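Read the structure below first, then the notes.
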Amino acid sequence: MKICRTKAEMRDTVRGWKREGAAVALVPTMGYLHEGHLALVRMARDKADRVVVSIFVNPTQFGPNEDLGSYPRDQVRDLALLDGEGVDAVFIPDVEEMYGSGGDTHVEVPGLSAILQGALRPGHFRGVATVVTKLFNIVTPDFAVFGEKDYQQLTLIRQMVRDLDMPLDILGHPTVREADGLAMSSRNVRLSSYHRGQAAILGKALAAAEELAGAGPDIADLDRAVRATLATAPAADVQSVDIRDADTLAEVCGPLDRPAVVLLAVRFGTVLLIDQRVVAPAP
Ligand code: PAF
């Protein structure tokens, strides 16, 4: 497994592969890898001849009061895990290499950046869109794989790629869950054991929504059912419950008559967890 710490090394490596006609897949990550990331890597491996994983905790997607400083990191373990998955190269630049003295130019998807998580975290999606564009320009992948857990991020990246005619396919991977239904996330390690137990309520609330959805309920009833389930966990500090069109994230109301996505943002102590599930009425 090749470890590229500079853009030049990364570009040279991919250039060599492309000369041999290889298809390249990129899995962008912020490190502290778990089984969810490794599932993305396996999907990338199925799709392409060569797999690159990037590890970069991107400062521009964190707000001033967010957890950039305490975001968990473990490079040695990450590299060992990726080696075990047969990854071909890891791109692991530092902030200076990635941004240098520049940083004036941004990529923004205005509509999708401003709603939902974007309204709670101003500037977050501009940071994501900009760093993902830079990664695409450096690695020039044919495919890039993202988790569906970050549903708004995935929707926004798909739109950015369409709008800017970026020459690659975006693949979404279903959320990978712990045995009790909690979505895997690098932030889970920061939960106390009490909050870790309580956090399983997210999966239960989404399961309740899925069960109800089959009958084509009113969106307001679906929302009530999700909130009622979340309310059974005393430590769940609900930041938002949103039910939106599954393709566009536009607001929906009235009876559920097409796929919708239920998006949750819930704080446990200091840790903000997000989760989602697409639900649809029975055909
Ligand atoms: O989902 C993430 O881990 C990050 O937002 C990403 C896509 C790697 C960009 O920094």
Checklist entry - Hey, what did the stretch 51-130 get for relative contact order, percent, Cα under 8 Å, at least 6 apart? => result 44
Item to check | Using a Förster distance of 41 Å, the FRET efficiency for Arg258-Asp49 (Cβ separation, nearest 0.05) | outcome: 0.65
Checklist entry - What's the angle, to the nearest 10 degrees (0 to 90), between helix 201-213's Cα axis and the longest principal axis of the chain? => result 70
Item to check | Label-reachable residues, the stretch 77-116, where backbone N falls under 13 Å from a point 7 Å from Met1's Cα toward its Cβ | outcome: 77-92
Checklist entry - Got a sec to turn the phi values of the stretch 80-91 into Karplus ³J(HN,Hα) couplings, 6.51 cos²θ - 1.76 cosθ + 1.60 with θ = phi - 60°, whole Hz, x for Gly and Pro? => result 5, 4, 5, 4, x, 8, x, 5, 7, 8, 10, 9
Item to check | Chain lengthening between Asp237 and Ala80 when straightened (0.36 nm per residue, less Cα-Cα) | outcome: 52.9 nm
Item to check | Packing rank of 60-73, 117-130, where each peptide gets the mean count of other beta carbons within 10 Å, highest leading | outcome: 117-130, 60-73
Checklist entry - Which part of the stretch 49-93 falls in the paramagnetic zone of Asp169, meaning amide N under 14 Å from the point 7 Å along Cα-to-beta-carbon? => result 49-50
Checklist entry - If you keep only loop residues by DSSP, which trypsin sites (Lys or Arg not before Pro) in the stretch 1-61 have at most 16 other Cβ atoms within 10 Å of their Cβ? => result Arg5
Item to check | the chain, accessible surface, carbon-and-sulfur percent (1.4 angstrom probe) | outcome: 51
Checklist outcome for this item: Quick calc: nm separation of the 7 Å Cα→Cβ label points for Ala282 and Leu68 -> 5.1
Next on the checklist: Whole-Hz ³J(HN,Hα) for each residue in the stretch 96-102, computed from phi via Karplus 6.51 cos²θ - 1.76 cosθ + 1.60 with θ = phi - 60°, x for glycine and proline: what do you get?
Outcome noted: 4, 5, 6, 10, x, 8, x
Checklist outcome for this item: Of all DSSP beta bridges with both partners in the chain, the antiparallel percent, nearest 5, is 50
Checklist outcome for this item: Amide H proximity to Gly147 below 5 Å, modelled H, separation 5+ or other chain, gives His173
Checklist entry - If one takes the longest principal axis of the Cα atoms in the chain, at what angle in degrees, from 0 to 90 and to the nearest 10, does the Cα axis of helix 219-230 lie? => result 80
Item to check | Solvent-accessible area per residue for the stretch 17-122 (1.4 angstrom probe, square angstrom) | outcome: 48
Checklist entry - So which lysines pass the test for Lys18, namely a Cα distance under 17 Å, with those fewer than 8 places away in the same chain ruled out? => result Lys2, Lys7, Lys47
Checklist entry - What residues of the stretch 26-44 lie in the reach of a label at Glu97, counting those whose backbone N is under 18 Å from a point 7 Å from the Cα along Cα→Cβ? => result 26-33
Checklist entry - Averaged per residue, what accessible area in Å² does the stretch 216-265 show with a 1.4 Å probe, protein chains only? => result 46
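The values are calculated or read from the model by the stated rules, or taken from the named source; none is laboratory data. This is a predicted model, so every value here is computed, not measured. Note that each Cβ is placed from the backbone with ideal geometry, even for glycine, and that neighbours are counted across all protein chains shown. The accessibility values were calculated without ligands, DNA or RNA, using every heavy atom of the protein model including side chains. Shrake-Rupley method; radii C 1.70, N 1.55, O 1.52, S 1.80 Å.
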